[in-house]
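Here's the structure we're looking at; comments come further down.
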Amino acid sequence: MVTSILPLVLENTSVRRRGKRLIGPVDYALAPEGLTIIIGPNGSGKTTLLRVMHGVERISEGRVRWAVPDEHAQHHQAYVFQTPIMLRRSVGDNLRYPLHLVKTPRAETEAAVSDWLERIDLQDRMKLQATRLSGGEKQRLALARALIRRPQVLFLDEPCANLDGASTRAIEALLSDALAAGTRIVMTTHDLGQARRLASDAVFMLHGKIGASGPAPQFFDAPESAELGAFLRGDIVA
Amino acid sequence: MNDIYEGLAAAFWLVMTLDADLIEISLRSLQVSLTALVIASAIALPLGTLLAIRRFRYRRLTISLLNALMGLPPVVVGLIVYILLSRSGPFGVLGLLFTPTAMIIAQVIIITPLIASITHQAMRELWAEYHDLLISLNTSGRQRITTLILDGRRNLLTASLAGFGRAIGEVGAIMIVGGNIDNATRVLTTAIALETGRGDFALALALGFVLIALAIGVNIAIHWLSRTEREGRW
């Protein structure tokens, strides 16, 4: 059994860029299990919070602490970007890439690649240039590429933005499988229906701070703050 | 106009009869410029890529310097290489002056900044696209450079071909360090300069046409070998 890199603790963390505070101060602890949904209006700091957790955003104050040293924790995380970044290679090579980086034996790599191609329903596209896939296919591929190294924690930034119902359902099914396999998932979304469907707990970001957070049913059914209540009703919260 | 027709006819004749001198000169041209291209690419492609992804103190200065060096006058490069390689110079003992090696050295100095600069431009765009993903995947610096070079190979080919074009058509530097010695360091460009000076325009033109054909031929061959314009490949 691999040692868990969780919990993740953010202490008094803030990020400033050009004199402007993007998020913070934020105090938050990411529990070892479940699927956390981050919601909030545009510019409230959802993506920045996600990037801070992943360790790709330089923090200005405070601390971000995993249960294990950072270098160790970095190897067990993956991140799916809002606009899927496709390597200018074939679909198969896109999936092989993360495994090549950690020098996985060839046979093991090929087995994982064909397994994942089947799961994302792109078996017949293995040789196709990844940049030629449709939006939904790109996002599925990006998700498979993130999961192929079996990360303990998976971050997703609006994985279903601009996707239609069928593609969204395919992504959600993959996320449910990953969750069942023990992957800790943290994702942002604008889709409140999706938030309710997937969340085991949720965070509401407003003006760079955590406006509310808590376990799922209560979070949505009995909002702890007026702003969150308004946001969940569909009012415009500025 | 007469000269051009005569030139064409002479060129046709020279090529058809597989003129021994012409073949020798053409092959030497190719040998010198291709060797220079391989060496310059080996230096410039990783260097240009590194400049695109690495942030260091004098980065901007290095890039401006590199861009300035693109316009390096070949004659001056030739002069400096000549001084360095001459008997009394620091590398005189190697006895390289008036050899093809000296010509290769001069051409490497001329085309490396050009290739590195074009590489840097192209890699900067690709890096902007890949940046977040490669950081997120926890790649090492070396892995980033290899990935960019591999996935940007089409742009790098353009950079290399620009370098080759400059090398094969270059005359100032190789004339000085090579000396245009018959059967030793005479290449197409220096031969053209010589024949023009002697008033043999037909032969000069013939050599000129062969030079152009050679440049086009090498470009097409490299494109074909690397299958760049095939459908669906980057």
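The values are calculated or read from the model by the stated rules, or taken from the named source; none is laboratory data. A quick note: this is a predicted structure, and the numbers were derived from the prediction, not measured. Cβ coordinates were reconstructed from backbone atoms using ideal geometry, including for glycine residues, and neighbour counts include every protein chain displayed.
Being in contact with a Gly (Cβ under 9 Å, 6 or more places away or on another chain), more than 17 Å from A:Thr47 (Cβ to Cβ), within 14 Å of another protein chain (Cβ to nearest Cβ) and not small (Gly, Ala, Ser) is a property that holds for A:Lys127.
Would you check if B:Gly178 is under 30 Å from B:Leu27 (Cβ atoms), touching a Pro at 6+ places or on another chain (Cβ under 9 Å), touching a residue at least 60 places away in the same chain (Cβ under 8 Å) and not hydrophobic (A, V, I, L, M, F, W, C)?
Yes: the conditions hold for B:Gly178.
Total residues in the stretch B:44-99 satisfying the condition of being in contact with a Gly (Cβ under 9 Å, 6 or more places away or on another chain) and among the basic types (Lys, Arg): the figure is 2. Of the helices (runs of 4 or more DSSP H) that lie entirely inside the stretch B:131-234, those containing 3 or more residues that are surrounded by 21 or more Cβ atoms within 10 Å (Cβ to Cβ), more than 14 Å from every other protein chain (Cβ to nearest Cβ) and under 19 Å from the mean Cα position of the chain (by Cα) span B:153-168, B:172-178, B:188-198. Here B:Met123 meets the list (1) without any contact (Cβ under 8 Å) to a residue 40 or more places away in the chain; (2) within 30 Å of A:Leu99 (Cβ to Cβ) almost entirely, failing just condition (1). Exactly one residue among B:Ile25, B:Ile53 is at pLDDT below 90 and surrounded by 17 or more Cβ atoms within 10 Å (Cβ to Cβ), and that residue is B:Ile53. Looking at the structure I just gave you, is B:Val38 part of a helix (DSSP H, G or I) and in contact (Cβ under 8 Å) with a residue 24 or more places away in the chain? Answer is no for this residue. Scanning the stretch A:78-106 for residues being at the interface with chain B (Cβ under 8 Å from one of its Cβ atoms) and either among the charged types (D, E, K, R) or touching a strand residue (DSSP E or B) at 6+ places or on another chain (Cβ under 9 Å) (or both) gives a total of 6.
Let's see how each residue does on (1) among the small types (Gly, Ala, Ser); (2) under 21 Å from B:Leu114 (Cα atoms):
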| residue | (1), (2) |
| --- | --- |
| B:Leu150 | no, yes |
| B:Leu157 | no, yes |
| B:Val177 | no, yes |
| B:Thr189 | no, yes |
| B:Leu194 | no, no |
| B:Val210 | no, no |
| B:Ala221 | yes, no |
| B:Leu225 | no, no |
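Taking the stretch A:208-238, which residues are touching a Ser or Thr at 6+ places or on another chain (Cβ under 8 Å) and either modelled with pLDDT of 90 or more or closer than 22 Å to A:Gly34 by Cβ (or both)?
Looking only at the stretch A:208-238, we keep the residues that are touching a Ser or Thr at 6+ places or on another chain (Cβ under 8 Å), and these are A:208, A:211-212, A:215-216, A:219.
Passing the criteria: A:Gly211, A:Ala212, A:Pro215, A:Ala216, A:Phe219.
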